[in-house]
Amino acid sequence: MKREYWRWRGYLLLFLLIHLFNPWFILRPSINHNMNPFALPFFESINAIIGNFSVLLVFIALVMLCSTKKRTVMIWITGTTIFLSIFVFLMKVYVFYYGSFFSWFITQNFSNPNNIMALQLTVTSLKMMFYEAQFVTLLPIVAILLYNIFVLHKDMKSKPDFWENVGFKKKSGVIFLAISFAMYIVVLANGAIIKQQTHSYFQKNLIPLYGIQTTGMYHYYIAELGAYLTRSPLEYSPEEEAQLDTFYQTKIQNPCYQLDCEYQDTDSPFHGLFEGKNLIIIQIESFNTFYLNLVMNDLEVLPFLNSLTRRDDVLFYPNFYSSIGIGKTTDAEFASLTGIYPTGFTVTYFEHVVAGIETLPKLFNQKDYHTITFNGSPNIFYSRHIAHPILGFQESYGTEQIDPSGIHQLNGWTKDDAVFDYAHERLNATTKPFFTYLLTTSSHLPYYPVDGVTGGTDWGVPSGTMVSNSFDYFHLLDRDLGAFFEAIEEEPWFNDTVFLFHGDHSSGLTHQDLSYAIPNVSKPEFQRMLHSVPMLIYTPGLELNGVDTSLVRSQVDIKRTVANLFSLDIQDYFGVDILSNQPTVAYNPQTFDIATDFGYISATQRSMSPTNGLTPSQMQEYIQAFFDYKVLNDLLLKGRYLR
């Protein structure tokens, strides 16, 4: 009897332990090179363990109350183990690709129509089961199945009843339920205390990583699901309304967020230099700065783009950073066109594109420009068919128009050369000055092996790896870009056109992948390199001298820069003029990393690399200024201020 008793108590204890282990495991920094967990006090970390424990205990209590047969208990425990293990595994995969945890509020993100990319990401994830120990999250399934087979199988046949004494069953279940609910209430109370003790940003926003670390993964996702199902439009308090009025009307008079930074005239000396000229912005998919001027096995990965960086009529900014959140490419578009940071944890094109926002297309429309955008994905992808007209584009061309028959497809996207050819044709047909936003797609991760694209060049790194394939894809992109420029150089409008190139977001390479190309990269430097994207301004035949291209800049600075260069009637002065000498910072709204001219700060880890003489208190002032700005930036988007 005692042996049977401990078999089943051991079964439930095993269930508890393995499902406490999994949420703890996937938060370890050592196996999450793409994520920066928060550095938290001991009390908050313990609260997360209690939160997970209380949810699991509620489940066990309900199973005990509702089950009379051992087989029923086994089915519930096994089924829940399979569900929770797969859920945690998918969270691990999600963190790998997005650098943050999943939120119920971004479920619309999965409605984007690219089945080929979804399949490739799934296959790639399965191939990478042993990278960052992703397979460990599935081991609880193995443990429970082995326990079922070797410990419980015979016992269920000989004695099928789980409870011999129904009264004891009820008593035990009620006690378990009472204890678990009491612990759940403690976690809720502790969570409220933690929120009161932290910055107001965390009080007003559901940050998945922070919530999981402070209240537990299971507890957080149950609570967030409730918040998602009962969500309502944000209503500003009178205090918030007043803060936004000041924030909006003063046009951010201190864009550098530094105590020793005196506000300067943020216009460059080139104001109005390109008035009346054409502008083509080329946003390059998954393009990190380290690809530029990279030579592998005596071969340039990007010979055409590298040649641009060496021209006298090109400004190359190596300290340029992406401003994206969970919306990735479309967040980069939004930041560049509006000067406003995405919130980081909602897809901006789904939630925050409203008619009241001042944008570059609208400003160019006022100057009687032809405003057009081209991209190699369907226009319904990320709801561009809705967002682009609201942002002010007169015409928006996607796969539906460029490649309706689907004969120019690569991994579910329209090939860049087909997009370039279509754009060339359309631009030749316009009779007015034009502003064009052109998005590439061929270099989209996961750099899936494709005959004729990958494997044909020896880059001196292991063949078939993600980094080797990425070199192949970017080499193809570079070749197509070179052919595009060779073709348009013959057009009469070429010398009257300014070209601005920038990457949208991280390439998605792992720390291990990058080490093949650039050895001995520390984790802080790897994190910085992930968010560093290149920016080039190409002004054919015209040199822009006296510009400091070493200063930190980001995508939110593009709108102000373009407006000044083209003498547009801008009213909302977010960001700084890239060509000015005004210092600023760039932050990533998803990972809370802050790029400064002094070093790269992780607000979650409260660390900086390199320190460059900055004291801990000065670093903390940077972090506080970042949160103060982000609170108002996000309020501006989330409510009805700009509607």
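The values are calculated or read from the model by the stated rules, or taken from the named source; none is laboratory data. Given the structure is predicted, the values throughout are model-derived calculations rather than measurements. Note that we place each Cβ from the backbone using ideal geometry, even for glycine, and neighbour counts take in every protein chain shown. Accessible surface is based on the protein model in full, side chains and every heavy atom, while ligands, DNA and RNA are left aside. Shrake-Rupley method; radii C 1.70, N 1.55, O 1.52, S 1.80 Å.
With N denoting the number of residues in the range 41-83, provide Rg(C-alpha) divided by 2.2 N^0.38 Å, to two decimal places. Intermediate values should be presented prior to the final figure.
Values: Rg = 13.5 Å, N = 43, 2.2 N^0.38 = 9.2 Å.
The value comes to 1.47.
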Exercise for the section: Per residue of the range 144-153, in order, report the coupling 6.51 cos²θ - 1.76 cosθ + 1.60 (Karplus, θ = phi - 60°) as ³J(HN,Hα) in whole Hz, putting x for Gly and Pro. Expected result: 5, 5, 5, 5, 4, 6, 9, 10, 9, 4
Problem - With every protein chain in place, the range 308-391: carbon and sulfur % of accessible area (1.4 Å) - result: 52
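Among 270-281, 483-494, what's the highest-first ranking by average C-beta atoms within 10 angstrom per residue?
Ranked by mean Cβ neighbours within 10 Å, highest first: 270-281, 483-494.
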Fill in the blank from the handout: Measuring from its Cα centre, the range 405-456 shows a charge dipole (+1 at each Lys and Arg Cβ, -1 at each Asp and Glu Cβ) which, in debye to the nearest 20, is 220
Exercise for the section: Go ahead and run the numbers for FRET between Ser237 and Lys367, Cβ-Cβ distance against an R0 of 41 Å, rounding to 0.05. Expected result: 0.60
Exercise for the section: Using packing as a proxy for protection, rank 348-355, 594-601, 406-413 so that the peptide with the highest average count of other Cβ atoms within 10 Å comes first. Expected result: 594-601, 348-355, 406-413
Practice task
Could you do me a favour and compute the accessible area per residue for the range 361-437, 1.4 Å probe, result in Å²?
Solution key: 38
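Give me the number: length gained by fully extending Ile380 to Phe43, i.e. 0.36 nm times residue separation minus the C-alpha to C-alpha distance, one decimal in nm. Could you put the intermediate results ahead of the total?
Values: separation 337, 0.36 × 337 = 121.32 nm, distance 4.59 nm.
Extra length from Ile380 to Phe43 when fully extended: 116.7 nm.
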Problem - Per residue convex hull volume, Cα atoms of the range 340-482, in Å³ - result: 134
Fill in the blank from the handout: Over all viewing directions the Cα convex hull of the range 473-565 casts an average projected area in nm² of 8.1
Fill in the blank from the handout: The whole-number value in µm²/s of the Stokes-Einstein translational diffusion coefficient for the range 531-643, with Rh from the Kirkwood sum over alpha carbon pairs at 37 °C and 0.692 mPa s, is 206
Practice task
Mind jotting down the three principal axis lengths of the range 398-546 based on Cα atoms? Whole angstrom, largest first.
Solution key: 51, 49, 24
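Which length gain, in nm to one decimal place, applies between Asp458 and Leu299 when the Cα-Cα distance is subtracted from 0.36 nm times their residue separation?
Values: separation 159, 0.36 × 159 = 57.24 nm, distance 0.88 nm.
That pair, Asp458 and Leu299, stretches by 56.4 nm at full extension.
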Problem - Residue list for the range 64-88, given a label point 7 angstrom along the Cα-to-Cβ vector of Asp161 and an amide N cut-off under 12 Å - result: 68-70
Exercise for the section: Sort 326-337, 135-146 for me by packing, meaning the mean count of neighbouring Cβ atoms within 10 Å per residue, highest on top. Expected result: 326-337, 135-146
